Amino acid sequence: MESSEKKPSEKKKITSKQVVALAGVALLLLLYLAALIAALADRTASGKWFQLCIYATVAVPILIWVYTWIYGKLTGRHTIADGKPPEEKP
């Protein structure tokens, strides 16, 4: 048996990055759902909701990246938002 194979009973650990990413996806999906409902129910508000969706599509991932970067700076850890991985010491 190879060491790379996982046992069926082992569960994969959910990381904080995955939780934040899923929260961002859920936020965007809820916003799009609200925009769809507003477009179907009240045609006057649908334009504002659409503009909000377009703005959030750009803003939410940027905010998640900024929060990840700040978290890394405050804890002293390397995060995906830092860009290049730290150089290894010999």
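The values are calculated or read from the model by the stated rules, or taken from the named source; none is laboratory data. Remember, it's a predicted structure, so these values are computed and weren't measured experimentally. No Cβ is skipped: glycine too gets one built from the backbone with ideal geometry, and neighbour counts run over all protein chains shown.
Quick notes
- If the condition is being surrounded by fewer than 11 Cβ atoms within 10 Å (Cβ to Cβ) and among the aliphatic types (A, V, I, L, M), then region 34-49 contributes Leu40, Ala41.
- Put simply, of Ile64, Ile14 the only residue that is within 11 Å of the chain's Cα centre (by Cα) and either modelled with pLDDT of 80 or more or of a type outside the set (A, V, I, L, M) (or both) is Ile64.
- All positions within region 56-66 that are surrounded by fewer than 13 Cβ atoms within 10 Å (Cβ to Cβ) and farther than 11 Å from Leu31 by Cα: Val58, Ala59, Ile62, Val66
- Condition check for Leu52: surrounded by 14 or more Cβ atoms within 10 Å (Cβ to Cβ) and either assigned to a helix (DSSP H, G or I) or modelled with pLDDT under 85 (or both): yes
- For region 73-90, taking the residues that are at pLDDT below 80 and either among the polar types (S, T, N, Q) or surrounded by 13 or more Cβ atoms within 10 Å (Cβ to Cβ) (or both), the one that is farthest from Ala21 (Cα to Cα) is identified as Asp82.
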